[in-house]
Each structure stands twice: as C-alpha cells, then as structure tokens.
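The values are calculated or read from the model by the stated rules, or taken from the named source; none is laboratory data. Given the structure is predicted, the values throughout are model-derived calculations rather than measurements. Methodologically, a virtual Cβ is constructed for each residue, glycine included, from the backbone with ideal geometry; neighbour enumeration extends over all protein chains shown.
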2 protein chains.
Amino acid sequence: MERQQLLMLPGPTNVPPRVMRAMMRPTINHRGPEFEKLYEDILENLKYAFQTHGDVFPISASGTGGVECAVGNLVCPDDRILVPVHGVFSQRVKETVEAFGGKVVQLPVDWTTAPSVEQIDEVMEKEKDIKASILVYNETSTGVTVRDLRRIGEVVKRHGSLFVVDAISILGGDELPVDDWHVDVCITGSQKCLACPPGLALISVSEDGWRTITRDKDRRHVYYLDLLKTKDSASKKETPFTPSLPLYFALDEALKILREEGLENRIARHKKCANAFYDALHALGLSTYPEEVNRSNTVIATNNPKGIEDRAIRDSMRQKHNIVVGGGMGKLRGAMFRIGCMGIISEAEVTATVAALELTLYDLGYPVTLGTGLKKTREVFHA
Amino acid sequence: MERQQLLMLPGPTNVPPRVMRAMMRPTINHRGPEFEKLYEDILENLKYAFQTHGDVFPISASGTGGVECAVGNLVCPDDRILVPVHGVFSQRVKETVEAFGGKVVQLPVDWTTAPSVEQIDEVMEKEKDIKASILVYNETSTGVTVRDLRRIGEVVKRHGSLFVVDAISILGGDELPVDDWHVDVCITGSQKCLACPPGLALISVSEDGWRTITRDKDRRHVYYLDLLKTKDSASKKETPFTPSLPLYFALDEALKILREEGLENRIARHKKCANAFYDALHALGLSTYPEEVNRSNTVIATNNPKGIEDRAIRDSMRQKHNIVVGGGMGKLRGAMFRIGCMGIISEAEVTATVAALELTLYDLGYPVTLGTGLKKTREVFHA
C-alpha cells in the first residue's frame, strides 16, 4: 500500500501539510494586484530568515541555479575568484566559476575538514586582486560546516574581496546572520531547512555586492538570472519573468511558519536533533565523517560500518521502515550514508530514524544491542 | 468573498483540478526509484507533445530561463546569430544572445507582422556564417504567429544554420511538428498551452543541435543550464540538479491529459476558440492588432476602442466579472488588451469572456448592442 515516506535526506526534506496546501491556491496574474501582496510578504520574511537589511530574492530555479545566479552576476571573464574545495558542492562552485570564464584561485582542503581562517588569510595575502571568495558553508556531501565562517568573512572583507556564501543546506537550520557576518551574497534553496518543496533558490545581495554587479554589468553572461533586472522589477513588486507561482505560495507559507517559531528556536531545535543523532550513532559504534569541531547540524554523514554497504542499509530502511536516507556523493559514493536533519526535524523523526537504523543494522548482522541509540536520543531530548 | 478567477491571460493560464491535485503528491527522493518512473513518463510524453524522436527535457526555470538555456548552450562569444525582432519577446531573445557574447544579425520586422521566408532567405544569402537563427513562433506581445515557420526552417537548414524556435506561448495549441519542420532546438513553458502552473521550461534538441553543442562545449557559459549534463543524467533517469518536484508531478499529469485528448484535437480546439474570439471582437467593431494572415490562435491582441483605455476594460472585467485579461507590453502598453486562448480553453471560457467584455464596453459608454459578440461565438461553436 502506498504510504507517505519519511524523507531523512539532505534535501529535499519533509514538507508540512500547511505548506503543501498552500500550493493549491489558484493561479494568479503575476502582473496583477494579487501578486504584489504575496511578493511583499515573501521579501520581508526572507530578510528575517537571512537576518539582513539588504535585498533577498527568490529565483525560480534549484539551489545550483542560485549558485549560477551568484556566479553569473559576479564573475566576469578573467576575474580571479577564491574557491576552497572540500567536497562535491564546492567542486561544483569551482566548475561554475570556470564555466563563466573566471580564474579560480584554488585552496584544496581535506574533505573531512573545513578551510580555516588562517588558510584563507594566507592565500589572500599572497594572491592579489581576488574579486570574490566563495565558500560552501555546509558541504552537503561531507556533513562539514565551516565553523570559522564569521572570522573568514572578516578576513575576506579586510582584503577587499566580496564574500559569497553557498548556504543551501544550512540557512534556517544553523547560525548565519548575513549582515553581521559580512556576507555580500548568500544563496540557499527552498527544499532544505526551510521545509519547502524544491524549485526555488533564494539569494541575498549587500550594498558592496550591488556596487560590483552594477560596475561590471555589461561584462556578465546572464539574462534570466540577471539580479539587476530582479531588483528593478522588485521595486514595482514584480518579478522580471514569470515566477514559479505554486512554489511562491509554498515559500510564503513556509516563511510564515519560520516566523511563528522564531529563527533562534528553529536553530536550537536543529542543533538538539543533530546532537541526538551524533550521540546515538556513536553509541552504536558508528563513526561520523567530519572532524568533530566542524560537524554539521543539518547533514549527518556516517561512515559505513565495517563490512556493510550503505546501499544495504538504505534499501532496508526504505523498504522495511519507509524512511529514506541518502548515500555518499563523488569519491564518497559507497562509503557512507547521509541523514538529513532539516526543516520539520524533531524528536519524532530522530527517534524513528534511529530505531529503524538499529533494527536494520541488527538484521544485517552488525553487533548491536537494540535500544542503545534510543537511550542516547532520550537523554538529549529529556535531559 | 474570495472566488477563483478565470485567467484569460496569455499565461499563466487556468490549471485543471487534476493537475493541481498532482502537486499534492508527497515529496520523493529525486535520486531514488520513485523518481525514475515519473521522469520516464514525462520524457516520453514530451516527445509526443513536441512530435519529435529527439530529446526533450524539463528545466526547472521559467520560459525565459528556457530561452537562456538554449542561448547559453548554443551561443558562444562572437558567434553570429540571426534574430528577427518583431515584439517584446524576440527583443528579449536578441538581448539574451548579446548577454552571452553573440553577435546578432538583425532583421527588424514591423510588429503587426512576422518575418517572411523571403526576408530570412535574403539575409542568410547576404550574411555568411550564421550559426543559428532564432525565431519567436508566437509573439506573445503582439498576437502574431509566424505562419511561414515550416518554410523558414527549410531555408535556415539549407543555409547550414541551426533552427531555434521559441514556442513558449504556442506549443500544444497550434501546429509545431518539431522534426518535420526541421527545428533543432524548441523551447516552451509549462504555464501556457500545456495548462500547467508556471515554473518549468521544456526544451528539445535535435541531432544537429547536439553535434554543435558537443563541438563547442568548452566555449559555453553555462553550468546549471548545461544541456549536456541534463542529457547525461537523463540516461540514468535522473536530473543533474534537484528538480522542481511539485511542478514535475503537475507536468506529468498535464501531459497525460494531453495524450488523452490527442494533440490534433487540442490544436483544433484552440483554433476554433480563437476563431470565435476574432469573429466576436470584429462584430463588436473592435480591431485586432496583427495582420490577419499571421494572427495567433493562442493570444488575441485587441486594439483599444477609440477613447477607452485598456486599463478601464481590464479593471472592470476583473472586478465585476472575475475574469483576468492582459494589457499591452513594451511600446504597446496602454494601446491594447490581450486575451489568452490557451490550455483548457473551450466554448465556456470564450463565451464568459465575450459576455463580460460586451457588458464592460457597454458600461464604459462604447456603442454596443448586447449579444452581438455572443451571436458570433455561437455560430462558430454550433455551425
């Protein structure tokens, strides 16, 4: 019998019924008065989510489309761009910069860890004329969060470079005060911590960001993704091109839920759930991929137990327990499974996942005393 | 009291309840087995809609994003591209080509008409090395359809150029057999004649198209919109980046409806409704913008009656009759109103719109005998 799955993926994530129902609102004229109020509400609530007084816009495209939007607006041929690579998504950023003719200043970092403020400072000291530095705050492929992000932002700005942050799998689930942390351009996706369906990217631009985009506007290779057009239309409470209306309705509702809960509460909730996952996994004798100091509160990357393939774990969890978790990506394919800890995440989803994992490991012959993980989650939620 | 509007816009259009409900399907893993079947069905049914044996893909972006996808994959810096400009959307195509570094070979055409096969032949004879010719088949801003399209395609291919067609506001509502008409790349949008919500572009690529894209792959400025990535992923029944899932569910259902009706029947239905509109409008003494031979069956562009502003007509229709029609665009703003004749269009929508228009004109002091337009629509539907 068809049942609704529990999506414990690092995106897309479970969508609250209120947000699903919002997509049923009848289609409206995106050039009419009905759209204006919707767009105003979205833009205002996005500023809250991003903690910025600058501009934030939805873009009708997926998260990677949001990164292409940032790169396409900022990176002109031969511009020098710093991109630390420490996973699949930062590698994508690097390739996108190259696709737009930028020269990437490389900073390879071990995938279990994050670029440090010292490394960034050293590279920027040595290399001159770095137009922008693009960091992936939360590497969805490795479960690594750049815990130095605030200090890195200070260093990047001190060197006169733009600070661009790919926060696709983290914004709304962990700290990221865009203005306080000197982020010039920040990108996230609808289908991660905001608990919306996939299909929208969200992008913020600071004053410094606008200055650069405006200065170089005729050297960019964008049209649909042109942020100057988006800004200009927003002043008339419109989008330059037809918006993805059902997803706008969904985002509007998801942002209202975010405001009702409060950003601080939401971040604390994600952190508590992540702690419960880590404690439970470690108690079960499993190891997690990232070094502890940089581990993510939104993506729990867990190494395969010796002799057991993640494919077997994931298949069993999906088929027997109706719970979907992700596999590894890139060079980590076949080496780990990844649990999303995003959006509506609460004790219920954490314990259901841990219980299913315990039973799955047990069935696959891994030495586990049932209840070991659940004991730990209980400690976290009922301390 | 809130009521559902009748959307008689040139997009977005009314969405059938079946398609709306499809968006309520629970989110799935886009890298899992649940997605594979969905994507297979969509790709197969898109080939039917485009009448092609080539590839057709959905792109998570609006129609203009689809044009950016075509241009970004085909147009490399300094490539010479022919773009006849005869309205707002062909002007957008021209600007997109320029944004990607292409050199536009211009062919300005009066906005009431369409580029002719002779004009195209003459330009291509004179100018050499035109890599691609991009035509807007149906100019949404003027209600002009390029009735010579099939013959133009023959000429373009004879000159060794790629034939690219922006069919955003027409595919599914009028003739466009992509293979028979030698179209190498064809773009449409979800929210027009396919009667889906907005948010997806659909794009086809021929063998010749793939050859060119592959040859020039390292000179393009695209990543998210890279069609080679899309093709490569499709061979694994995946999309390269997270798809806009609710819109994929909606598209899947909309394409099933299209197959149930049959493309030929659907096109005949659009044509009959358009004829009813034109006959009724002319009987009311109104004039339509395009020359008759190239008038569109999907966008009815109607000049303002002497002394009456389209704003007054549109406001009255929306406020009193709950029917939304569009205004003019670009230099035609304030000079016309545009009625969408797309998607679920049938006698019911045509007569409701004509009746509301008659009453509106009457209320605004235009000399009209009530029933004049309706008499004509009746003749068309019950001949």
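Based on this model, can you work out whether A:Gly343 counts as within 14 Å of another protein chain (Cβ to nearest Cβ), buried (at least 21 other Cβ atoms within 10 Å of the Cβ) and either at pLDDT below 95 or at positive phi (or both)?
yes
Looking across segment B:58-105, the residues that are more than 19 Å from A:Thr239 (Cα to Cα) and charged (D, E, K, R) come down to B:Asp78, B:Asp79, B:Arg80, B:Lys94, B:Glu98, B:Lys103. Could you count how many residues in segment B:121-164 are surrounded by fewer than 20 Cβ atoms within 10 Å (Cβ to Cβ) and on the phi > 0 side of the Ramachandran plot? So the count comes out to 2. Where residues in segment B:294-330 are among the basic types (Lys, Arg) and in a helix (DSSP H, G or I), which of them is farthest from the other protein chains (Cβ to nearest Cβ)? In this case the residue turns out to be B:Lys320. For segment A:162-205, a tally of residues being over 24 Å from A:Glu253 (Cβ atoms) and touching a strand residue (DSSP E or B) at 6+ places or on another chain (Cβ under 7 Å) returns 10.
Taking segment B:175-198 as the search range and keeping residues that are under 10 Å from the mean Cα position of the chain (by Cα) and in a strand (DSSP E or B), which one is nearest to the other protein chains (Cβ to nearest Cβ)? Looking at the filtered set, the residue picked out is B:Gly189.
Among B:Arg25, B:Arg18, B:Arg31, which is the only one that is farther than 23 Å from B:Val205 by Cβ, more than 7 Å from chain A (Cβ to nearest Cβ), of a type outside the set (A, V, I, L, M) and not in a loop (DSSP other than H, G, I, E, B)? Steps first, answer last, please.
Numbers: B:Arg25 fails: not in a loop (DSSP other than H, G, I, E, B); B:Arg31 fails: not in a loop (DSSP other than H, G, I, E, B).
Among B:Arg25, B:Arg18, B:Arg31, only B:Arg18 is farther than 23 Å from B:Val205 by Cβ, more than 7 Å from chain A (Cβ to nearest Cβ), of a type outside the set (A, V, I, L, M) and not in a loop (DSSP other than H, G, I, E, B).
Yes/no matrix, rows are residues, columns are (1) surrounded by 16 or more Cβ atoms within 10 Å (Cβ to Cβ); (2) touching a Cys at 6+ places or on another chain (Cβ under 6 Å); (3) at pLDDT 95 or above:
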residue: B:Pro16; (1), (2), (3): yes, no, yes
residue: B:Met23; (1), (2), (3): yes, no, yes
residue: B:Asn29; (1), (2), (3): yes, no, no
residue: B:Lys37; (1), (2), (3): no, no, yes
residue: B:Tyr48; (1), (2), (3): no, no, yes
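Scanning segment B:54-104 for residues that are more than 21 Å from the chain's Cα centre (by Cα) and either of a type in the set (Asp, Glu) or assigned to a loop (DSSP other than H, G, I, E, B) (or both) turns up B:Val75, B:Cys76, B:Pro77, B:Asp78, B:Asp79, B:Glu98, B:Phe100, B:Gly101, B:Gly102. Within segment A:16-30, is even one residue small (Gly, Ala, Ser) and in contact with a helix residue (DSSP H, G or I) (Cβ under 7 Å, 6 or more places away or on another chain)? There is at least one residue in segment A:16-30 that is small (Gly, Ala, Ser) and in contact with a helix residue (DSSP H, G or I) (Cβ under 7 Å, 6 or more places away or on another chain).
Can you tell which of A:Thr353, A:Thr360 is part of a helix (DSSP H, G or I), surrounded by 19 or more Cβ atoms within 10 Å (Cβ to Cβ), in contact with a Ser or Thr (Cβ under 6 Å, 6 or more places away or on another chain) and away from every other protein chain (no Cβ under 14 Å)? Show your work before the answer.
Working: A:Thr353 fails: in contact with a Ser or Thr (Cβ under 6 Å, 6 or more places away or on another chain).
Sole residue among the options that is part of a helix (DSSP H, G or I), surrounded by 19 or more Cβ atoms within 10 Å (Cβ to Cβ), in contact with a Ser or Thr (Cβ under 6 Å, 6 or more places away or on another chain) and away from every other protein chain (no Cβ under 14 Å): A:Thr360.
Residues that are touching a helix residue (DSSP H, G or I) at 6+ places or on another chain (Cβ under 6 Å) and surrounded by fewer than 17 Cβ atoms within 10 Å (Cβ to Cβ) within segment B:229-248 comprise just one, B:Lys237.
Scoring A:Arg333 on the criteria (1) out of contact with any Ser or Thr (no Cβ under 9 Å at 6 or more places or on another chain); (2) away from every other protein chain (no Cβ under 14 Å) leaves a single failure, condition (2). Criterion applied to A:Glu118, A:Glu125, A:Glu68 was being touching a residue at least 12 places away in the same chain (Cβ under 8 Å), of a type in the set (Asp, Glu) and away from chain B (no Cβ under 14 Å), and the one residue passing it is A:Glu125.
Filter segment B:314-325 for residues that are touching a residue at least 40 places away in the same chain (Cβ under 8 Å) and closer than 11 Å to B:Arg338 by Cα and give the result. Of everything in segment B:314-325, those that are touching a residue at least 40 places away in the same chain (Cβ under 8 Å) and closer than 11 Å to B:Arg338 by Cα turn out to be B:Val324, B:Val325. For A:Gly63, the criteria (1) away from chain B (no Cβ under 14 Å); (2) over 27 Å from A:Asp129 (Cα atoms); (3) in contact with a strand residue (DSSP E or B) (Cβ under 6 Å, 6 or more places away or on another chain); (4) buried (at least 19 other Cβ atoms within 10 Å of the Cβ) hold in every case but one, which is (1). The helices (runs of 4 or more DSSP H) found entirely in segment A:213-288 that carry 1 or more residues being within 14 Å of chain B (Cβ to nearest Cβ) and among the hydrophobic types (A, V, I, L, M, F, W, C) are A:227-234, A:245-261.
Kindly evaluate B:Arg311 against the criterion of being of a type in the set (Lys, Arg), surrounded by 17 or more Cβ atoms within 10 Å (Cβ to Cβ) and on the phi < 0 side of the Ramachandran plot. Walk me through it before giving the result.
Values: of a type in the set (Lys, Arg): yes; surrounded by 17 or more Cβ atoms within 10 Å (Cβ to Cβ): no; on the phi < 0 side of the Ramachandran plot: yes.
Judged against the criteria, B:Arg311 is not a match.
Filtered by the rule that a residue be more than 17 Å from the chain's Cα centre (by Cα), of a type outside the set (S, T, N, Q) and either more than 14 Å from B:Glu139 (Cα to Cα) or outside any helix (DSSP H, G or I) (or both), segment B:332-350 gives B:Arg333, B:Gly334, B:Ala335, B:Met336, B:Phe337, B:Glu347, B:Ala348, B:Glu349, B:Val350. Contact map, segment A:262-283: first residue farther than 16 Å from A:Leu357 by Cβ, second residue in a helix (DSSP H, G or I) and of a type outside the set (D, E, K, R), Cβ cut-off under 8 Å, separation 6 or more or different chains; pairs are A:Leu263/A:Tyr48; A:Leu263/A:Ala49; A:Arg266/A:Leu258; A:Lys272/A:Val380; A:Lys272/A:Phe381; A:Asn275/A:Val380.
Just to be sure, is A:Leu7 buried (at least 24 other Cβ atoms within 10 Å of the Cβ) and either in contact (Cβ under 8 Å) with a residue 24 or more places away in the chain or within 21 Å of B:Leu7 (Cβ to Cβ) (or both)? Yes.
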